[in-house]
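Shown next, in structure tokens, is the structure this report addresses.
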Amino acid sequence: MTNTSDGVEVLQGRDVPLGGLRAITVRRTLPHRDRSFIGAWCFVDHYGPQDVAPNGEGGMDVPPHPHTGLQTVSWLFQGEIEHRDSGGVIGPVRPGEVNLMTSGKGIAHSEVSTPQTRVLHGVQLWVALPEADRDTARAFEHFAPEPADLPDGAGTARVFLGTLPGVASSPVQTYTPLMGAELHLNPGTTLDLDVQPDFEYGLLVDSGDITFEGEKLPLAALGCVEPGRRTLRIEVGDEPALLILLGGTPFEEEIVMWWNFVGRDHDEIVAFREEWQARSDRFGEVPGYVGRVEWIPAPEMPPLRLRARNRRGKVPR
Ligand code: MN
């Protein structure tokens, strides 16, 4: 459902069960029927807090699967995940630490919750790579931002990508102008946050009674505003708030998203799928993953040609 008032577009998350043997259900706000991006952010999944070990065993286990044409950002509030990828990176994903994986032209990775993890809570985000950089090499960056004070004692921010003017910046590389931050806001505060007028922004509510630029945001909703604002007003009710703020300059390219791939047209996605099924070296091998299956096969292609997306959703045929 989309509800636009005072320039705030409110996208409500829809439940999506993720693939894999023991995966989790997420609340997905992007892509949405009416909006594909916040800047180059093209995928926003929010999950938990979810008990991933209800019987004292199991946990989340997502075997090796591919990506193309994107960066993934894993940001946890709770729990711990072990990441392995075909670039040779093995690393823990922990709360308050960003892990940015650049697929470039192709990567494979696995994600498994660590044995001591009972509850997972966080966001999984994708960034579309621009045409000029989408065939870049695989890469992985890790950064643990310190909490930075927000103005007027409103709370703290961990800026994991880009810049929150006057608050903090992240050294992690992006290919388009982009920002991402976790905000912890105190009850009863009104925050006027300085932002970049050439950016569009989206505010995701994990917890708290939030009014964003005059619009009430339900839990798990993403409130979106177009470029042109110099400040964003966030009003917090009687409980503390945990929020994710995403922003970037409008992404003007058309993309095709299907399964774990970002491409530019249907035929390219078909080719990516065939290369994954054939275990092509476009994606490489994930070292050391041990699970019940060695890799996740791609689903069948849908019967119709995939449609491209632009900023306003799917492009008419
Ligand atoms: Mn993945």
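Worth a mention:
- Positions within the stretch 120-135 being surrounded by fewer than 23 Cβ atoms within 10 Å (Cβ to Cβ), of a type in the set (A, V, I, L, M) and touching a Gly at 6+ places or on another chain (Cβ under 6 Å), in sequence order: Leu120
- Members of the stretch 172-189 found to be over 19 Å from Met101 (Cβ atoms), of a type outside the set (Gly, Ala, Ser) and assigned to a loop (DSSP other than H, G, I, E, B), listed by number: Pro177, Asn186, Pro187, Thr189
- Selection over the stretch 204-218 of residues that are over 19 Å from Ala157 (Cα atoms) and under 20 Å from the mean Cα position of the chain (by Cα) gives a count of 2.
- When residues of the stretch 237-276 are limited to those that are more than 19 Å from the chain's Cα centre (by Cα) and among the β-branched types (Val, Ile, Thr), the one surrounded by the fewest Cβ atoms within 10 Å (Cβ to Cβ): Val270
- Scoring Arg233 on the criteria (1) surrounded by fewer than 16 Cβ atoms within 10 Å (Cβ to Cβ); (2) modelled with pLDDT under 95 leaves a single failure, condition (2).
- Once the stretch 63-119 is narrowed to residues that are in a strand (DSSP E or B), touching a residue at least 40 places away in the same chain (Cβ under 8 Å) and more than 16 Å from the ligand (Cβ to nearest atom), the residue that is surrounded by the most Cβ atoms within 10 Å (Cβ to Cβ) is Phe77.
- Candidate set: the stretch 148-171, residues that are surrounded by 15 or more Cβ atoms within 10 Å (Cβ to Cβ) and not in a strand (DSSP E or B); chosen: the one farthest from the ligand (Cβ to nearest atom): Ala154
- Within the stretch 247-265, tally of residues that are assigned to a loop (DSSP other than H, G, I, E, B) and more than 16 Å from the ligand (Cβ to nearest atom): 8
- Checked against (1) surrounded by fewer than 20 Cβ atoms within 10 Å (Cβ to Cβ); (2) more than 26 Å from Asp198 (Cα to Cα), Arg138 passes all but condition (1).
- Candidates Gly288, Gly284, Gly263, filtered to the one that is over 16 Å from Cys42 (Cβ atoms) and modelled with pLDDT of 95 or more: Gly284
- Among (1) buried (at least 17 other Cβ atoms within 10 Å of the Cβ); (2) in contact with a helix residue (DSSP H, G or I) (Cβ under 8 Å, 6 or more places away or on another chain); (3) more than 30 Å from Gly59 (Cβ to Cβ), the one test that Phe283 misses: (3)
- Residue check, Val290 more than 16 Å from the ligand (Cβ to nearest atom), within 30 Å of Phe199 (Cβ to Cβ), more than 22 Å from the chain's Cα centre (by Cα) and hydrophobic (A, V, I, L, M, F, W, C): no
- Number of the condition not met by Gln50 [criteria: (1) more than 15 Å from the ligand (Cβ to nearest atom); (2) without any contact (Cβ under 8 Å) to a residue 60 or more places away in the chain; (3) part of a strand (DSSP E or B)]: (2)
The values are calculated or read from the model by the stated rules, or taken from the named source; none is laboratory data. Quick caveat: nothing in here was measured; it's all calculated off a predicted structure. Please note: Cβ atoms are built from the backbone with ideal geometry, for glycine as well, and neighbour counts cover all protein chains shown.
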